[in-house]
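A.B. asks: Attaching a single structure in structure tokens format; questions to follow.
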Amino acid sequence: MVEEAQTPKEFFEQILPRRFKPDKAAGADVTVQINIEGPNGGSWVVTIKNQKIEVKEGTHASPTLLIAMAEKDYLDVVNGKTSGEKAFFSGKLRFKGDLGLALRLKEMGFL
């Protein structure tokens, strides 16, 4: 069963580090800026490099990828209620950067 996050902060701090699949991240060197809008929202920077993941609250001046979503939509994606692709095509996920790289994030357990 998928572990459900109640807030984006809980997902980034507790669930993502356990869900991350280092074997799928071979060769990846990516900095993702995630901006979540809503009462429990905020900004996080996720760096994936050398098959390790690092998560920090805050913003990055020049991220490889930028993802912006409303809190409810983000939680629906990370909790498996909808896919990142569906959120993107319905306009709920705003994205800037390399689409191929964004799709790899899913394989790594990120989205």
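A.B. asks: Is it the case, given these coordinates, that LYS92 is out of contact with any Leu (no Cβ under 8 Å at 6 or more places or on another chain), surrounded by 15 or more Cβ atoms within 10 Å (Cβ to Cβ) and basic (Lys, Arg)? Break it down stepwise before answering.
C.D. replies: Numbers: out of contact with any Leu (no Cβ under 8 Å at 6 or more places or on another chain): yes; surrounded by 15 or more Cβ atoms within 10 Å (Cβ to Cβ): yes; basic (Lys, Arg): yes.
Here the answer is yes, as LYS92 does meet what is asked.
A.B. asks: Just the residues that are at positive phi and in contact (Cβ under 8 Å) with a residue 24 or more places away in the chain, please, taken from the range 48-76. Lay out the reasoning, then the answer.
C.D. replies: As a first pass, look at the range 48-76 and keep what is at positive phi: 50-51, 58.
Residue satisfying the conditions is GLN51 alone.
A.B. asks: If you take the residues of the range 5-24 that are charged (D, E, K, R) and loosely packed, with under 12 Cβ neighbours inside 10 Å, which of them is farthest from TRP44 (Cα to Cα)? Break it down stepwise before answering.
C.D. replies: First, the residues of the range 5-24 that are charged (D, E, K, R): 9-10, 13, 18-19, 21, 23-24.
Narrowing further to those that are loosely packed, with under 12 Cβ neighbours inside 10 Å: 18, 23.
Details: ARG18: 17, ASP23: 23 Å.
This residue is ASP23.
A.B. asks: Scan the range 25-51 for residues that are under 15 Å from LYS106 (Cα atoms), in a strand (DSSP E or B) and either out of contact with any strand residue (DSSP E or B) (no Cβ under 8 Å at 6 or more places or on another chain) or open to solvent by less than 30 Å² (accessible area, probe 1.4 Å) (or both) and jot them down.
C.D. replies: VAL30, THR31, VAL32, ILE34, VAL46, ILE48
A.B. asks: While we're on this one: Can you name the number of the only condition in (1) in contact (Cβ under 8 Å) with a residue 40 or more places away in the chain; (2) more than 22 Å from GLN6 (Cβ to Cβ) that PHE88 fails?
C.D. replies: With (1) in contact (Cβ under 8 Å) with a residue 40 or more places away in the chain; (2) more than 22 Å from GLN6 (Cβ to Cβ) applied to PHE88, the lone miss is (1).
A.B. asks: OK, next. Given the conditions (1) in contact with a Phe, Trp or Tyr (Cβ under 8 Å, 6 or more places away or on another chain); (2) open to solvent by 40 Å² or more (accessible area, probe 1.4 Å), and given that THR64 satisfies all but one, which numbered condition is not satisfied?
C.D. replies: Exception for THR64: condition (1).
The values are calculated or read from the model by the stated rules, or taken from the named source; none is laboratory data. Please read all numbers here as calculations on a predicted model, not as lab measurements. When we count neighbours, we look across all protein chains shown, and the Cβ atoms used for this are built from the backbone with ideal geometry, even at glycine. To get the accessible areas, we keep the full protein, side chains included, count just its heavy atoms, and leave off ligands, DNA and RNA. Shrake-Rupley method; radii C 1.70, N 1.55, O 1.52, S 1.80 Å.
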